Amino acid sequence: HIQLEKDNNNSYGFTVRGGFNEDKLKSRPLIVTNIRAGGSADREGTLKIGDRILAINGINLVNATLADAYYIMKQCKGLTLFLVEYDSAIVG
């Protein structure tokens, strides 16, 4: 679990790609692809590129589209809890 608060620009300081697609071959996990230097996620220090976002404030994102995930993040206020699965390929 990672707790983040939005920056002044209403962002958590990371970018996510992937998400559910009706075409199962195009569905991908919601993966962190970028962490903005100095942003909330960078300052907290736990989130890494390649990590998977599984839930936000208890809302399961396993079958969520990218648009669903961004909508949920946009609605969050204050401290937000992210359930993250670390990319075991980069843990070392």
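The values are calculated or read from the model by the stated rules, or taken from the named source; none is laboratory data. This structure is a prediction, so every number in the text was calculated from the model and none was measured. Cβ: placed from backbone, ideal geometry, glycine included. Neighbour counts: every protein chain shown. Accessible surface areas use protein heavy atoms only, side chains included; no ligands, DNA or RNA. Shrake-Rupley method; radii C 1.70, N 1.55, O 1.52, S 1.80 Å.
Per residue, how much accessible area does segment 1-82 show when a 1.4 Å probe rolls over the protein heavy atoms, in square angstrom?
Value for segment 1-82: 60 Å² per residue.
Working only with C-alpha atoms, what are the Rg and Dmax values of the chain, expressed in angstrom?
For the chain, the Cα radius of gyration and maximum Cα-Cα distance read 12.6, 37 Å.
Excluding residues on the same chain fewer than 8 positions from LYS77, give the lysines whose Cα lies under 27 Å from its Cα.
LYS6, LYS48
Give the relative contact order (percent, whole number) for the chain; include only Cα pairs under 8 Å separated by 6+ residues. Could the numbers behind the result be given before it?
Details: 171 pairs, mean separation 31.2, N = 92.
Answer for the chain is 34 percent.
Taking the dipole about the Cα centre of the chain, with the C-beta of Lys and Arg at +1 and of Asp and Glu at -1, give me whichever of THR65, GLY39, ALA55 is farthest to the positive side.
Sorting the options by dipole projection puts first THR65.
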